[in-house]
Each structure stands twice: as C-alpha cells, then as structure tokens.
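First up is the structure itself, then whatever we jot down about it.
Any read-out appearing in this document is the output of simple, stated calculations on the displayed coordinates, not a laboratory observation. Quick caveat, the model's predicted, so the values are computed rather than measured. Here Cβ is always computed from backbone atoms with ideal geometry, including for glycine, and neighbour counts include all displayed protein chains.
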Amino acid sequence: MHTNENTIAIHFTERCNLRCPLCYLKKNPRVIPYKYVQKAMELFHPEYIVAFGGEAILVPDLLKRFHRDYPDVGIILHTNGTIFNTAIFDICYSIYLTIESFFYKYNKQHRNMSYAQYKVFLKTIQYCKDKIECIHNIYPTENDPAFFPMARLAGIRYNVYPMISAARDCDGSSLAVKQYLKPIPCVLTNPKIRILVDGTVTRDMTGHYNICHIDEYHEGMDRLVPIAEKCKACKKYKRCFSANMFPHFCKIVLDTIDYSPAFCHYV
C-alpha cells in the first residue's frame, strides 16, 4: 500500500496537452533531467513513485526507462486520460485519472477538452478500469449531478478532493462532497516529497515551500508546509479532510478571511 512515507512524486514534465483554467502550471516544455530521477531514487528509496506532470504520459520514453531501471518500484500515473498508450498503462501499478464528469458537456467546462479527446478519455477508462484507483473531482455534483452513479456503473473506485478557496458555500454541493469523502483516521499528515522538473525537492506541488535542490539534499533535511493557527485551534483539526490534504493551501485562505469558508464544513 502506498502512503506519503513510502512514496515520492516526480514531476516528469510541465508539458500538457490540455489548458485547464484552474491549473497552477504555466505553459512550459520543460522535462526533468533523468539524473535527477536517479538521484531521487538513490536518496529516498521509495516503494512507489507518482508520475506527475503536466501530463507525464507525454514523455513515454522516460517512463519506460524508469520502469526498466526500477522494475520493483510501483508507478502511480497521474493523467487526464486523453492520451491512449497501452505500453505505459501496462507498466503502471495504478492510475489516478483526473476527471470532472463522465459527460462531454460537463467535462469541457473545466478541462478544455475536444470531443476527440473526450472519446480517447472514455477509451482510457474502459482499458484501465481495474487500475484506476481514484478519480479526482473538485465539486462532483455541481459539475455533474450524475457523477457518483456513473462512477459506480463504470465500476471505478473514486474519491474527491475538496476545493480550497475563500468561498462561503458551494451551492449545496458541500454536503455531497462530505458524503463521499473517505474518512482520514489520523492527525494531519505532511504532504509527500516531490521532485520538480528543475530538481527542486519540496513537499509543495506549487513550489513555494521548498527544501533545496536535489544536488544539495542530504538525509534529515526537510521543510514542513505551514499549518494555519485556526486549523490547530479547531476541534475538528484531527479529522479535517481539507487540512489533511492541503494544510498550506488552507493557511493561505484562512489567514486572509474572518469567517469559516466552505471547505471547513466538509468534516
């Protein structure tokens, strides 16, 4: 089983074939030098790696090389599902498919996806059904009222990531999100180690709270992402979905407002 302790994320590329409006990445063709990947494996000895992007499947030769060099390390592929590559799917331990809806009319609102890409996306779901471990969806019933029934009909395991924003409510979808979020029976966990394309070692996918460059890293170095004082003082602190997943994102929002935003009510 992969956890934040036995897994690292490697950002193989910043390239992506979609331009989603909520994505924090800028358009950039950068690809991680393979020597940084090798260094990360030497330093951290992970049992699993998350192949992250951009869209990691855009650099298939790099993923195949990794699998040849580290055949016992499980590859967890993050993908939007619009690039069909069975050679990559077959070497993956599991697949995290980002999705807003099973229907084109809803999906295109958030994914800038063409109809041709949507058909590939459906083909990916069918081929990878047994490997899809969870589907990341921000506000499923707001984007697509039939999201959960469709996921069950497709036989796909799913989970939901809460949106961290200053919104006071989410048009009634907060109850639905709360209903389907899986319980997190632990105190706040530190996000996993990530290696960005430029070799930065961090626990923050946006690259603001960084540890160092991988060439400078040595055992014991770390930089925890910050946690808001409001979170620490909250009685629901130990079982908060939002703060468990994105403590530093919560802090950014909570430090600038004087009310409880929608994501505080998912507990």
Two-site FRET efficiency, Leu153 against Asp222, from Cβ-Cβ distance with R₀ of 35 Å, rounded to 0.05: 0.20
Rough spin-label spacing in nm, given labels placed 7 Å along Cα→Cβ, for Asn28 and Asp90: 3.4
Global geometry of the range 72-139, whether rounded, prolate or oblate, following the gyration tensor of its Cα atoms and the 1.5 cut on a/c: prolate
Percent of C-alpha pairs per 10 Å bin, the range 217-267, short to long: 24, 52, 15, 9, 0
Most to least packed among 37-45, 238-246 [average Cβ atoms within 10 Å]: 238-246, 37-45
Along each principal axis, Cα extent of the range 1-90, largest first, Å: 35, 26, 26
Debye log10 I(q)/I(0) for the range 23-136, one point scatterer per Cα, at q = 0.12, 0.20 Å⁻¹: -0.45, -1.13
